[in-house]
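Colleague: My structure is below; once you've seen it, I'll send some questions.
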Amino acid sequence: MSYESLPIAALALAPPIIAIALAMYTRQVLVSLFAGVWIGALMIADWNPIAATALSMDWIVEVVRSPFDTKFLILIMFMGAGAAFIYKSGGIIALQNWIGHRVNTARDSQILTWLIGIFIFFDSYTSTIVTGNATRELSQENNTSREMHAYVLDSTTSPVTTFGPVSNWIGYQVSMIIVGFEAARFTAEEVGITAFGLFLQSIPWNIYCFLAFFMVGFISITQRFYGPMLNAEWRARKEKKTRRDDATPLSDITTDVGEPSEKNPTLINFFAPILSLLVVGLVSMWWLGGGHQSGVDIATAFQETDVALGLLYGSFAFMAVGMLGAVGFGTMDLEEASDTVISGFKTMMIAAAIIVLAWSIGHAAEQVGTAQYIVDVMVDSSIPGSFLPLLIFLAAMFIAFTTGTSWGTMAILTPLAVPLGYEMSGLSILPVLMGVLFGGAIWGDHVSPISDTTVMSSIFAGSDHIDHVTTQIPFAMTAAGVTVLMLLLYAVGVTSPLVLLPLAVVLTAGAVIALNKFDARRKNLPEVMPTTDAIDNGEIDVDAIENGSKTDGTRINGRYSFVESIPLTAVGIVIAYLCLVFGFMTLGF
């Protein structure tokens with residue numbers, strides 16, 4: 001069905017908009033998502049409510065029967081079981097015994113989460129799961145709010161997988177560029193650049209992802225928060241409540257699995273399952289993409305692979321190795337291990353329901369022509385060619401926000417953006433369009449409560465899902481606002497990423513500091529969030545903060561040294577990582 005057959009074309013926006021608005025207002029995600037699916041079915045069923053209900057059921061069954069979606073549902077159940085073994089077997093206790101004395105503050109735990117997310121750059125799902133499991137208990141012990149932990153996961157893992165240097169996201173992005181070449185009716189030989197080469201040239205133009213990634217580290221190191229996150233972090237530090245009182249986490253491993261075993265806790269039970277997930281998942285994706293065959297390079301293998309199946313193999317290994325370690329080291333017997341598998345599955349039930357309905361919303365949006373309506377409105381606006389990157393960025397943002405899928409957004413927009421850009425401005429604009437398209441798609445993921453990666457971040461941070469979305473939105477909007485400003489500069493003639501990207505980083509840092517100062521003063525809260533120890537020891541005058549009676553001599557802000565091992569290590573690793581990315585980009589030209 002086309003949106004043109006609707007009585008009012010703008011009704012094509014109704015299914016996702018209603019679902020998102022209801023979720024944000026009622027905080028009842030499942031009911032809100034189903035309402036959006038049902039509204040879409042109502043349009044298709046000629047406004048017959050009974051037929052719409054039946055069609056909604058058909059759509060839900062259809063998305064679950066999709067091979068990719070079925071594999072994904074099974075793999076997240078295996079992930080839940082594997083995470084349960086890491087926790088229940090005492091692997092978390094062993095990790096805390098090993099590294100706990102080095103990670104002493106919320107700031108340390110946030111920086112550590114950011115760093116681990118950088119290292120696992122080949123898949124955002126895997127990175128979210130591994131990083132979340134590795135740092136959740138430490139961050140909770142150090143009084144990092146669940147909202148902040150989810151933000152660090154979400155805004156690190158997705159951005160880094162878009163510029164790799166090797167990831168299944170890159171393989172997918174390259175495959176979409178190939179589709180764009182086909183839509184434009186030219187070949188790589190005719191224009192003198194391959195799809196992969198065009199992707200490499202797009203990396204500096206993926207401005208939003210660089211800024212989102214940068215903001216996580218900058219906010220974590222400086223401890224300058226604003227928006228709802230400022231309130232969440234103050235609650236966590238002062239009241240030691242990492243979640244608000246009536247929050248509903250998507251997964252609470254302590255409640256679902258029980259207390260961890262203290263019998264023979266060993267780091268092997270922490271690292272072995274995670275390493276098996278990484279190795280088996282990565283090798284499987286490489287193998288399934290034909291990487292073992294002669295003449296197939298790594299980039300091509302990741303482009304052609306079956307991502308869901310590769311991660312399914314990895315997640316099974318994650319669960320199996322966790323079970324073997326738990327039984328082998330005597331932390332539980334076989335019966336307890338079997339019960340732990342079932343308990344791990346239970347931790348994922350709500351998340352699985354949300355993900356299924358999120359897919360169903362995407363299907364409903366496809367059926368009523370949501371994305372095509374957005375594209376047509378944007379294209380018909382007759383914006384000059386130099387403004388085309390801004391147009392594509394805004395379109396990608398809105399499509400990803402309303403459909404909840406960055407990959408779907410790439411699939412929708414890339415075949416349009418490549419021929420349109422080539423016709424209006426020539427080959428030189430294509431890297432810019434691809435970079436901003438990918439960035440806009442990730443922004444939509446970050447602010448949409450119906451995005452699967454956002455749901456995954458809530459799961460593995462143990463956060464209330466809507467709390468995660470509402471606290472992340474101001475940060476995502478900051479990075480997006482600076483990106484829009486850079487694209488306006490591009491439109492008026494500043495066309496070098498060597499100028500725009502560094503300028504964007506400086507402006508983002510300035511914006512974070514300014515917004516932090518404004519919001520902290522407005523709320524009578526610290527600009528630099530103090531540690532829990534500083535509050536408990538009386539170093540911070542809490543009464544003066546809450547009563548608004550601060551004077552020049554009152555200490556209300558936290559104090560941190562930037563010349564410490566954890567922040568210095570973080571900065572060094574990030575610089576090395578960015579050198580790797582840009583070196584990879586340069587060598588690939």
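The values are calculated or read from the model by the stated rules, or taken from the named source; none is laboratory data. Treat the numbers as computed from the prediction; the structure is a model and nothing was measured. Cβ placement follows ideal geometry from the backbone for every residue including glycine, while neighbour counts extend to all protein chains displayed. Accessible surface is based on the protein model in full, side chains and every heavy atom, while ligands, DNA and RNA are left aside. Shrake-Rupley method; radii C 1.70, N 1.55, O 1.52, S 1.80 Å.
Colleague: Going through the range 137-148 one residue at a time, which ones are in a helix (DSSP H, G or I) and either open to solvent by less than 20 Å² (accessible area, probe 1.4 Å) or more than 22 Å from T531 (Cβ to Cβ) (or both)?
Modeller: L138, S139, R146, E147, M148
Colleague: Yes or no: the range 28-38 includes at least one residue that is in contact with a helix residue (DSSP H, G or I) (Cβ under 8 Å, 6 or more places away or on another chain), part of a loop (DSSP other than H, G, I, E, B), open to solvent by 10 Å² or more (accessible area, probe 1.4 Å) and at pLDDT 80 or above.
Modeller: Checking the range 28-38: not a single residue is in contact with a helix residue (DSSP H, G or I) (Cβ under 8 Å, 6 or more places away or on another chain), part of a loop (DSSP other than H, G, I, E, B), open to solvent by 10 Å² or more (accessible area, probe 1.4 Å) and at pLDDT 80 or above.
Colleague: Tell me, yes or no, whether the range 344-358 has at least one residue that is within 24 Å of the chain's Cα centre (by Cα) and not in a helix (DSSP H, G or I).
Modeller: yes
Colleague: Where residues in the range 229-259 are open to solvent by 20 Å² or more (accessible area, probe 1.4 Å), assigned to a helix (DSSP H, G or I) and of a type in the set (D, E), which of them is modelled with the lowest pLDDT?
Modeller: If we take residues in the range 229-259 being open to solvent by 20 Å² or more (accessible area, probe 1.4 Å), assigned to a helix (DSSP H, G or I) and of a type in the set (D, E), then D256 is modelled with the lowest pLDDT.
Colleague: Looking for whichever is among the hydroxyl-bearing types (S, T, Y), farther than 30 Å from L73 by Cα and touching a residue at least 60 places away in the same chain (Cβ under 8 Å) here; the options are T508, T471. Which one fits?
Modeller: Of the residues listed, the single one that is among the hydroxyl-bearing types (S, T, Y), farther than 30 Å from L73 by Cα and touching a residue at least 60 places away in the same chain (Cβ under 8 Å) is T508.
Colleague: Out of I86, I92, I need the residue that is in a helix (DSSP H, G or I), more than 27 Å from Q367 (Cα to Cα) and in contact with an Asp or Glu (Cβ under 6 Å, 6 or more places away or on another chain). Which one?
Modeller: Result: I92 is the single residue among I86, I92 that is in a helix (DSSP H, G or I), more than 27 Å from Q367 (Cα to Cα) and in contact with an Asp or Glu (Cβ under 6 Å, 6 or more places away or on another chain).
Colleague: Next question. Give me the helices (runs of 4 or more DSSP H) completely within the range 371-480, filtered to those with at least 2 residues that are at pLDDT 90 or above, ordered by residue number.
Modeller: Those helices (runs of 4 or more DSSP H) span 388-403, 430-447.
Colleague: Right, next: Being open to solvent by less than 70 Å² (accessible area, probe 1.4 Å) and either farther than 30 Å from Q28 by Cβ or among the β-branched types (V, I, T) (or both) is the requirement here; does T495 meet it?
Modeller: No; evaluated as a whole, the condition is false for this residue.
Colleague: Still on this structure: Run E182 past the list (1) surrounded by fewer than 21 Cβ atoms within 10 Å (Cβ to Cβ); (2) at pLDDT below 75; (3) assigned to a helix (DSSP H, G or I) and report the number of the one that doesn't hold.
Modeller: (2)
Colleague: Turning to a different aspect of this structure: Can you tell me which residue in the range 480-489 is nearest to A396 (Cα to Cα), limited to those that are open to solvent by 30 Å² or more (accessible area, probe 1.4 Å) and not β-branched (V, I, T)?
Modeller: Restricting to residues being open to solvent by 30 Å² or more (accessible area, probe 1.4 Å) and not β-branched (V, I, T), the top hit is G481.
Colleague: Report the residue count in the range 322-336 for those that are surrounded by fewer than 21 Cβ atoms within 10 Å (Cβ to Cβ), part of a helix (DSSP H, G or I) and not charged (D, E, K, R).
Modeller: Residues in the range 322-336 being surrounded by fewer than 21 Cβ atoms within 10 Å (Cβ to Cβ), part of a helix (DSSP H, G or I) and not charged (D, E, K, R): 4 in total.
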